[in-house]
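Read-outs throughout are calculated quantities, based only on the coordinates presented, and are distinct from any laboratory measurement. For clarity, every value in this text was computed on a predicted model and none was experimentally measured. With ideal geometry, Cβ positions are generated from the backbone for all residues, glycine too; neighbour counts draw on all protein chains shown.
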Amino acid sequence: MSDLLERLEARAPGSPGPAVRHNLAYNFPLAWYRRPDGDVVQLQSDPNNRAMYEDLGFVLLRPAEAREWEQEVRPELVAAQKRKARLITAIRRLESRVPQFVLDDEENFGFRDMDVDTLQEVFDDYCNQFSIKPRLPPIPPERNSSADANLAGVETNAMHSREEFEGKLKRGQGYDPIAEARKR
């Protein structure tokens, strides 16, 4: 287990307490929290939600911990999950490639509890048993999770030069909220 995950587990409260009321606030960025089950998730960080999550046993990652999570720990966990998913997918595809190969539900659902090395052994055993060359599907690359993810679908100055932007305004191909309001 990662050093970061162990430090977060040490800061986790014992049991959830009573709900606490807080003042209303707006426009807080998302923050990383460690859930009581050990997963780290990104959730709302306004004071009301932060207090509720802490009452439920969540642990708020400090800024340094959030950077460590995003840059060091998370990429390793995601890569391990992708390797595991790739092996499970390859094992399940054997059913369509080999008519004699059939997975029952117990075997199929048991894959999620196995580690990567065990899955690799199981896959290699199945391939040897049916004399099939082991072929694993490619691992898709990680999507770019840039800080501008909230601007998806919004044109920004990083996309166009100043001349392109001015030309677009002259042609009238931009969104003008005042003109749109007049149409209604």
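Ordering of 80-87, 5-12 by packing is 80-87, 5-12, highest average first (other Cβ atoms within 10 Å, averaged per residue). Taking a straight Cα-Cα cut-off under 26 Å and skipping sequence neighbours fewer than 8 places away in the same chain, the lysines within cross-link reach of K82 are K133. Contact order for the stretch 28-129, expressed relative to its length and based on alpha carbon pairs under 8 Å spaced 6+ residues apart, stands at 19 percent.
For the stretch 13-143, the convex hull drawn through the C-alpha positions has a volume of 162 cubic angstrom per residue. Bridging of K84 to aspartates and glutamates at a Cα separation below 13 Å is possible for E76, D113, D115, D117, E121, once same-chain residues fewer than 8 apart are set aside. In the stretch 67-129, the C-alpha radius of gyration followed by the widest Cα-Cα span (Dmax) gives 14.2, 49 angstrom.
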